[in-house]
Amino acid sequence: MQIISGKFNKIPQCAIALGKFDAIHKGHQKILDEILKKAKEKNLKTLVFSFEILKHNFIITKDEKEEIFKNLNIDFLYYQAFSDEFKNMSAKSFFDMLVSKFCAKHIVVGDDWHFGKNREGDVNLLKKLCDENNIGVTIIERLKTDDDVISSSKIREYISLGDIKKANNMLGRNFSLSGVVEDGKHLGKKMGFPTANLRYDSTKVLPSGGVYHTKVFYNNAYFDAMTNVGVNPTVEDKNIIRIETHIIDFNKEIYGENIKIEFMDKIRDEVKFSSLNELVLQLEKDKNTIKGKN
């Protein structure tokens with residue numbers, strides 16, 4: 001996959017997907033499936049036209065997004081900056097740019113797509129412009145799960161509330177956090193529950209505080225685990241959110257190594273226990289709960 005931005009050499013005729021793709025949820029996946037299908041039918045290259053998103057609470061990072069596109073065999077990925085020039089571009093000028101600069105021969109968007117200054121263009125205008133220029137167009141209807149319209153904002157809300165199952169259902173995969181395992185205070189090890197402390201990307205949205213059934217991907221294999229998200233009120237007095245994972249039936253030290261933690265379900269909220277013994281008893285219950293899910 002070639003990542004392009006700003007000035008670039010002329011690219012081949014393309015089937016183009018337009019959108020933020022800030023979650024690559026089931027709705028986004030349907031759009032991507034469609035450009036792959038149209039590209040094959042019409043002998044075109046595939047191009048994702050996305051945007052430089054400068055904010056926090058990401059569902060996926062830029063690197064994670066690019067990895068998904070690469071795995072789908074997308075040919076080109078373009079990032080558009082929200083410059084003043086772009087913000088003031090008319091809908092017609094934006095469409096003309098897709099045709100002249102990106103050699104658009106087929107365009108795929110969601111049914112809520114708007115473009116141009118003040119969102120003046122919608123899918124009806126896009127259809128009209130495509131028809132006038134002999135360019136194919138496919139409008140993808142928004143998907144629903146359990147009467148909920150799938151959206152990035154809804155997924156972000158569910159993750160923040162700890163409703164991981166609903167978030168994963170909309171994503172079409174498990175929400176995950178990736179990073180390097182840091183050396184910690186070894187308190188978990190002393191209690192019989194050694195943990196991998198994740199140095200995570202602080203720009204990502206975090207699940208609400210609590211203990212989660214998770215899967216850890218390490219060294220090309222998955223391991224059952226339980227992950228605590230929170231401040232560890234029983235043993236800590238600092239209000240620092242930590243991601244600490246006990247990998248079940250695993251005894252290798254992996255400090256400094258990369259892991260991915262996939263969230264499956266929330267087991268319980270984070271609580272402060274009156275003693276370490278009480279905490280250990282609860283951790284045993286949590287582990288047995290997770291083992292019972294397999």
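If a/c stays under 1.5 just call it rounded; otherwise compare a/b with b/c (prolate if a/b is bigger, oblate if not). Do that for region 79-232, with a ≥ b ≥ c from the square roots of the Cα gyration tensor eigenvalues. Display every interim value, and only then the final one.
Details: a/c = 3.03, a/b = 2.52, b/c = 1.20.
Prolate.
Report the local net charge at A91: Lys and Arg +1, Asp and Glu -1, summed over other residues whose C-beta lies under 14 Å from its C-beta.
So the surrounding residues net to +2.
Legend: residues D96, D224, D269, sorted from most to least accessible area (1.4 Å probe; ligands, DNA and RNA excluded), read D269, D96, D224. Sorting M226, M264 by solvent-accessible area of protein heavy atoms yields M264, M226, largest first, with a 1.4 Å probe.
The alpha carbon radius of gyration of the chain, expressed as a multiple of 2.2 N^0.38 Å, is 1.19. Within the full protein context, the accessible area of E253 is estimated at about 120 Å² for a probe radius of 1.4 Å. Among K204, K20, the sequence by solvent-accessible area, most first, with a 1.4 Å probe is K20, K204. Note on K266: lysines with a C-alpha under 19 Å away, same-chain residues under 8 apart excluded, are K154, K165, K166, K204, K215, K285, K287, K291, K293.
The distance between label points at N288 and Y222 comes to 2.6 nm (points 7 Å beyond Cα on the Cα→Cβ vector). In region 56-112, a dipole from Cβ-located charges (positive for Lys and Arg, negative for Asp and Glu) runs towards its positive end, and of M89, S100, T61 it is S100 whose Cα lies farthest in that direction. Taking a Cβ cut-off of under 12 Å around G256, the surrounding Lys, Arg, Asp and Glu residues balance to a net charge of -3, with basic ones at +1 and acidic ones at -1. Seen from E132, the other residues with C-beta closer than 13 Å to its C-beta sum to a net charge of +1, counting Lys and Arg as +1 and Asp and Glu as -1.
Expressed as a whole percent, the accessible area of the chain that falls on carbon and sulfur atoms is 45 (1.4 Å probe). In a DSSP loop and with at most 11 other Cβ atoms within 10 Å, there are no trypsin sites (Lys or Arg not before Pro) in region 82-126. The aspartates and glutamates within cross-link reach of K40, meaning a Cα-to-Cα straight distance under 17 Å and a gap of 8 or more places when in the same chain, are D75.
Spacing of the modelled spin labels on I4 and K37, each 7 Å from Cα toward Cβ, amounts to 2.6 nm. Region 28-71 and region 82-114 have Cα centres separated by 16 Å.
Working note: Cα atoms of region 1-41, range along each principal axis, descending, whole Å: 32, 27, 15.
Structure remark: mean-square fluctuation, Gaussian network model of the chain, C-alpha springs under 10 Å; the largest value among N219, N57, N228 belongs to N219.
In a fully extended conformation the segment linking Y255 and D131 would gain 38.9 nm over its present Cα-Cα distance, using 0.36 nm per residue.
The values are calculated or read from the model by the stated rules, or taken from the named source; none is laboratory data. What you see is a predicted model, and the numbers here were worked out from it, not measured in a lab. In this analysis, Cβ positions are derived from the backbone assuming ideal geometry, glycine residues included, and neighbour counts consider all displayed protein chains. Only protein heavy atoms, including side chains, enter the accessible area calculation; ligands, DNA and RNA are left aside. Shrake-Rupley method; radii C 1.70, N 1.55, O 1.52, S 1.80 Å.
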